[in-house]
Amino acid sequence: MEVPILKQGEVLIATFQAALSDADLNQLRSGLVRQVVKFRSRAVIVDVTAMDVMDSFASRTLREIAHMIRLRGAETVIVGIQPEVAFAMVQLGLTLEGVATALDLEEGLAYLTQKFKNIN
Amino acid sequence: MPKREGRGVELVGSEAPSELLRELVAHLRQNRTQLREEWVVRITEARLLTAMTKEEIFAEATSVYDSYVEALETETFEALQAYARNLSERIIPRGVETHEVVGIVLLLRDVLARSLFAKYQTDFKKLNRILDAYEPAANRIANTVAVGFVQERERVIRQQQEAIRELSTPVLQVRERLLILPIIGVIDPQRARQLTEQLLRGIRTNRAKVVVIDITGVAAMDVTVANHLVQTVEASRLLGATVIVTGLSPEIAQTLVTIGVDLGKMNTVGDLQGGIEQAERLLGYKVVTLAEPR
């Protein structure tokens, strides 16, 4: 199942569907980085609103995506983590440390706009 | 000579236990008015059920007496159990205590037993047999009523605890995007968990970007709860909200340092006022005095 990646100006938006296999996650990781290179994007928003569970593999993949994209000089924001999922994650010690997070797509875009404004 | 060995007994007379029970029940029904009256007198003398009026005591005494005799007769206790719970629901809010309920049931047991002594005083063997039938049933009745009462009390207590827990962790919005969670009292792991869930839901509903958790009103915190607090901070961040913890007492500060909490992860400010001011700065608010206060 391919994760749709949309382009909004200098930002790429990847929207997770509910159940992603490990293969899907790996595919997303490589796909996103390729797109960042192709479009010279400044940021990526990964929307996980539809995810009702986050395991350690998914969590690690998200961190790896953020790190790889940072190597391209771009920022990653994870948005839409549900309260129940957040609660479960911290109990398992999956804190997504070092990765920016926001409540939803709107907040994620606002955060990036602010950040780019500061840089400029 | 018939020996009394607990429940097992040699019947010398011709009556079966159920026949004895029937005789006993008939006697209790015949003398209902007088025995009930005697019981109410004993209740008053023992200063029980002081929270109820004389009329109420009389009404309940009648119901209890009839249920008691019925339980003896049918040797089933479900109806009595249901009545006991129903009675408890009525009288617990009136302030009736457990010892009072157990007390009146035991008094009834005594009153009825005495009347049996009086009736069969000339036939000691028969009295023994009657008591053999009466005592196990009477004990079971006392047990049923007492347990029913206590169970109802426990249910009420649980209900109240739940209500207190909910009331005591309000998540309050004081500015756009700013929530305050004032915690007062003892936090146990269950309350900590409820707190976290309520806060995370509040962050999503109010689209909060900053949360001030004030623990001025929390005297002490053990390691488990301190970890819960850290997890709450981390989970809030996953929802895009920054948490500022205010009001740490010296004891709690010590606990956090002892368990090695990464204080770089936790944003703390001395008091609630400071916390709100920092939150406002983070949100880009500025507070300006417009004119002289009147």
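For region B:141-154, state whether one or more residues are touching a strand residue (DSSP E or B) at 6+ places or on another chain (Cβ under 9 Å), among the aliphatic types (A, V, I, L, M) and crowded, with 16+ Cβ neighbours inside 10 Å. Taking every residue of region B:141-154 in turn, none turns out to be touching a strand residue (DSSP E or B) at 6+ places or on another chain (Cβ under 9 Å), among the aliphatic types (A, V, I, L, M) and crowded, with 16+ Cβ neighbours inside 10 Å. Taken together, A:ARG60, A:ARG29 contain a single residue that is among the basic types (Lys, Arg) and either under 26 Å from B:GLN231 (Cβ atoms) or within 13 Å of another protein chain (Cβ to nearest Cβ) (or both), which is A:ARG60.
Going through (1) in the same structural domain as B:GLY217 (by TED's automatic domain parsing); (2) at pLDDT 85 or above one by one, B:GLY260 falls short only on (2).
Just for helices (runs of 4 or more DSSP H) wholly inside chain A: which have at least 2 residues that are more than 13 Å from the chain's Cα centre (by Cα) and surrounded by fewer than 12 Cβ atoms within 10 Å (Cβ to Cβ)?
On the way: elements: A:22-39, A:56-71, A:83-91, A:105-119.
Because the criterion is at least 2 residues that are more than 13 Å from the chain's Cα centre (by Cα) and surrounded by fewer than 12 Cβ atoms within 10 Å (Cβ to Cβ), the helices (runs of 4 or more DSSP H) in chain A that meet it are A:22-39, A:56-71, A:105-119.
Just one of the numbered conditions (1) away from every other protein chain (no Cβ under 14 Å); (2) touching a Ser or Thr at 6+ places or on another chain (Cβ under 7 Å); (3) under 23 Å from B:ASP262 (Cβ atoms) is not true of A:VAL44: (3). Checking each residue in region B:242-270 for being touching a helix residue (DSSP H, G or I) at 6+ places or on another chain (Cβ under 9 Å), within 14 Å of chain A (Cβ to nearest Cβ) and surrounded by fewer than 21 Cβ atoms within 10 Å (Cβ to Cβ) picks out B:THR242, B:VAL261, B:ASP262, B:LYS265, B:MET266. On the basis of being more than 9 Å from chain B (Cβ to nearest Cβ), among the acidic types (Asp, Glu) and touching a residue at least 12 places away in the same chain (Cβ under 8 Å), does A:GLU75 make the cut? Yes, satisfied. Listed by first and then second residue, the pairs linking a residue in region B:183-206 that is over 17 Å from A:ALA88 (Cβ atoms) to a residue that is aromatic (Phe, Trp, Tyr), with Cβ atoms under 6 Å apart and 6 or more places separating them unless they lie on different chains, form an empty list. Of all residues in region B:66-113, which are in a helix (DSSP H, G or I) and among the hydroxyl-bearing types (Ser, Thr, Tyr)? Once the filter is applied, which keeps residues that are in a helix (DSSP H, G or I) and among the hydroxyl-bearing types (Ser, Thr, Tyr), region B:66-113 yields B:SER67, B:TYR68, B:THR74, B:TYR83, B:SER88, B:THR98.
Can you pull out every residue in region B:248-267 that is closer than 21 Å to B:GLY202 by Cα and outside any strand (DSSP E or B)? First the steps, then the outcome.
Keep residues of region B:248-267 that are closer than 21 Å to B:GLY202 by Cα, which gives B:266-267.
Selection gives B:MET266 alone.
All conditions in (1) assigned to a helix (DSSP H, G or I); (2) within 21 Å of the chain's Cα centre (by Cα) hold for B:LEU127, with the sole exception of (2).
The test for being in the same structural domain as B:ARG32 (by TED's automatic domain parsing), at pLDDT below 85 and crowded, with 16+ Cβ neighbours inside 10 Å does not hold for B:ILE57. B:PRO170 - would you say it is within 25 Å of B:GLU277 (Cβ to Cβ) and free of Cβ contacts under 8 Å to residues at least 24 places away in the same chain? Taking the combined requirement at face value, the residue satisfies it.
Of the residues in region B:100-111, at least one is crowded, with 17+ Cβ neighbours inside 10 Å, within 18 Å of B:ARG22 (Cα to Cα) and at pLDDT 90 or above. Quick one: would you say B:THR232 is among the polar types (S, T, N, Q) and surrounded by 21 or more Cβ atoms within 10 Å (Cβ to Cβ)? So B:THR232 passes the test.
Restricting region B:268-294 to residues that are outside any loop (DSSP other than H, G, I, E, B) and touching a Gly at 6+ places or on another chain (Cβ under 9 Å), the residue that is nearest to B:GLN231 (Cα to Cα) is B:THR268.
The values are calculated or read from the model by the stated rules, or taken from the named source; none is laboratory data. Just so we're clear, the structure is a prediction, and the values are computed from it rather than from any experiment. In this analysis, Cβ positions are derived from the backbone assuming ideal geometry, glycine residues included, and neighbour counts consider all displayed protein chains.
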